Amino acid sequence: MNKTRVETREFEEKTVDKAIEAACNYFGCAEEDLDIEIITRGSTGLFGLGGKKAKIKVTFKSPEGKQALESGAGEMEAEKEGPSVVTESEPEESATKATEADQEEESQAQPSYVEKPQAQEELSREAIEQRVALARDITNEILEKSGLSGHADVMEQTARPFVNITGDDLSLIIGKEGQTLDALEYIVNLCLRRRDPDVNYRVMLEAAGYRERRKKSLVSMAERLAIKVKRTGRPVSLQPMPARERRIVHMALKEFKGVKTHSSGQGPNRKVVITPLRKKRHQRRQRAKEQ
């Protein structure tokens, strides 16, 4: 009786074609010798983020087995070769761990918007220009794929280049209080970090001067409220805002006489509180400055 070698195995690659090629190499046969079932076709994601691999399920029958089947001879026996005949899908627990690992990696890659800014990587001028140019290209591709009317260019301010966006859909690109622009900046820097994880240099995204106007508005509001706190002797809490903007308020009132600031709350509800200084503490602070 002819012995039939039947083996089933799953293959994962970036594309279906690559998965089929891997299966042919594994079994040492041509594609027509395989029974192929496509489980998922996979996707590349955006700039390699969130992409999924293609998965196929392949059944291979040895030539002897095929001949036996065609002639109707005998009952096939599965002859195992190697440590694994059938490769099962990974359990859900493994997928969960992988998701958690991705989330942790993304958290580590996220640009630091803490109130004490993260030190930027010491890069050469040429390396910085290349990184900002790449950030510009990524931004333009995101805008194009999202259907937003906007265009990104490289600009320079205070000797530090950044990406500036102009166009007809700036209100959508900026979003409420700059939240969409912040999210876009995060995604662009995440893409940069994925491409070169050893470089810790955050590229800033601007939208037709929005950040500078927002900064002036925050400083003006902070000073106005500080005067009120100093006059009434009562603390004032500002509305919740991201860490980037909280830091602007802290820095604006750092040298403001008679008041101090601190942050209160957690997560998206975190806000700046302006409180009056007691006279004795204020006097001690003034003497310390004079010394």
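The values are calculated or read from the model by the stated rules, or taken from the named source; none is laboratory data. The structure presented is a predicted model; accordingly, all values stated were derived computationally and were not measured. Please note: Cβ atoms are built from the backbone with ideal geometry, for glycine as well, and neighbour counts cover all protein chains shown.
If the requirement is being in a helix (DSSP H, G or I) and over 30 Å from LEU277 (Cα atoms), which of these qualifies: VAL188, VAL229, VAL219? Give the derivation first.
Numbers: VAL229 fails: over 30 Å from LEU277 (Cα atoms); VAL219 fails: over 30 Å from LEU277 (Cα atoms).
Sole residue among the options that is in a helix (DSSP H, G or I) and over 30 Å from LEU277 (Cα atoms): VAL188.
For the condition assigned by TED's automatic domain parsing to the domain that holds GLY258, out of contact with any strand residue (DSSP E or B) (no Cβ under 9 Å at 6 or more places or on another chain) and at pLDDT 90 or above, what is the one hit in LEU225, LEU134, LEU218? Show your work before the answer.
Working: LEU225 fails: out of contact with any strand residue (DSSP E or B) (no Cβ under 9 Å at 6 or more places or on another chain); LEU134 fails: assigned by TED's automatic domain parsing to the domain that holds GLY258.
One residue alone meets the criteria, LEU218.
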Condition first: at pLDDT 90 or above, out of contact with any Leu (no Cβ under 8 Å at 6 or more places or on another chain) and not in a loop (DSSP other than H, G, I, E, B). Now tell me which residues in segment 265-279 satisfy that. THR275, PRO276
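Any residue at all in segment 220-236 that is closer than 30 Å to VAL154 by Cα and either surrounded by fewer than 12 Cβ atoms within 10 Å (Cβ to Cβ) or more than 15 Å from the chain's Cα centre (by Cα) (or both)?
Taking segment 220-236 first, the residues closer than 30 Å to VAL154 by Cα are 220.
Next cut, either surrounded by fewer than 12 Cβ atoms within 10 Å (Cβ to Cβ) or more than 15 Å from the chain's Cα centre (by Cα) (or both) only: 220.
Yes; the residues of segment 220-236 include at least one that is closer than 30 Å to VAL154 by Cα and either surrounded by fewer than 12 Cβ atoms within 10 Å (Cβ to Cβ) or more than 15 Å from the chain's Cα centre (by Cα) (or both).
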Of the residues GLU177, GLU144, GLU156, GLU185, which single one is closer than 22 Å to ARG244 by Cβ and exposed (fewer than 13 other Cβ atoms within 10 Å of the Cβ)? GLU156
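Within segment 71-80, does at least one residue satisfy the condition of being over 30 Å from LEU143 (Cα atoms), at pLDDT 50 or above and part of a strand (DSSP E or B)?
Step one: filter segment 71-80 for residues over 30 Å from LEU143 (Cα atoms), giving 71-80.
Going one step further and asking which of them are at pLDDT 50 or above, we end up with none.
The answer is no, given that none of the residues of segment 71-80 is over 30 Å from LEU143 (Cα atoms), at pLDDT 50 or above and part of a strand (DSSP E or B).
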Here are some residues: GLU141, GLU129. Which one is over 19 Å from ILE173 (Cα atoms) and modelled with pLDDT of 70 or more? GLU129
